[in-house]
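The block underneath contains the structure these notes are about, expressed in structure tokens.
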Amino acid sequence: MTGKAFAAAAGVALTALVLAGCGNSSGGSGITTAGLLDGNKPAAGEGPRISNDDPMARPVQVAWTSARAQRCGFNFNAANLRGNFIAAEQRNGQPVDQVTKVYDQTFAQIATQIAGQGDFCSDKKTAQIKADLTRHLAGDYTPNLPQPKVVAQKGWFETDEDGKAKETFNSGTFWRDLEDRKQGRK
């Protein structure tokens, strides 16, 4: 993709994100491409909330992984990873100014968000960080950002990913629960 085509695609994607609200409207938080490019800092959250198809997902992915790996004490050179990534993006014709800005802002924001979290480096989290970091150090910068879980809702009952009801029907509290939902209390 040429630099002009990339810029056009990024513009379309950013416009779509802005029009869609681009920050998780369900109350979640995280990094958004629009937030990075216009300087707005997201609220503290677990991770980026942009699609892996977003043109800026690659720099967000690599910076996010690098900041997390550094926080968990992985033995790697974060500056070398950044330099190798930006050089690869430049070879691919990506706009280096924009890629660098998104990378640096993502890294700084994630590092700040997770700095004080004493229990951040769980076994599960470090395994995922290690897998992503290993890929990036080998030159594979494919985005693999966590995506929000989609929860289906059928009728009155919210269901999990397997389609099982999260709540059971209680005829004794049905009308009270219905009124609570209408009033926003539940």
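The values are calculated or read from the model by the stated rules, or taken from the named source; none is laboratory data. Because the structure is a prediction, the values reported are computed rather than measured. Ideal geometry is used to build each Cβ from the backbone, glycine not excepted, and the neighbour counts take in all protein chains shown.
Here are a few things to note about the model shown:
- Cβ pairs under 9 Å, 6+ apart, first in segment 99-110 and in the same structural domain as ALA78 (by TED's automatic domain parsing), second surrounded by fewer than 23 Cβ atoms within 10 Å (Cβ to Cβ) and acidic (Asp, Glu): VAL99/GLU89; THR100/GLU89; TYR103/GLU89
- Between ASN80, ASN92, ASN40, the distinction of being more than 27 Å from ALA127 (Cβ to Cβ) and modelled with pLDDT of 65 or more belongs to ASN92 only.
- As for segment 44-53, it holds at least one residue that is at pLDDT below 95 and more than 23 Å from LYS124 (Cα to Cα).
- Selection status of PHE120, of a type in the set (Phe, Trp, Tyr), modelled with pLDDT of 90 or more and not in a helix (DSSP H, G or I): yes
- Restricting segment 128-174 to residues that are surrounded by fewer than 10 Cβ atoms within 10 Å (Cβ to Cβ) and among the small types (Gly, Ala, Ser), the residue that is modelled with the lowest pLDDT is GLY155.
- Selected residue (criterion: surrounded by the most Cβ atoms within 10 Å (Cβ to Cβ)) from residues of segment 104-127 that are in contact with a Lys or Arg (Cβ under 9 Å, 6 or more places away or on another chain) and of a type in the set (A, V, I, L, M): ILE110
- Scanning segment 75-103 for residues that are buried (at least 18 other Cβ atoms within 10 Å of the Cβ) and in contact with a Leu (Cβ under 8 Å, 6 or more places away or on another chain) turns up LEU81, GLN98, VAL102.
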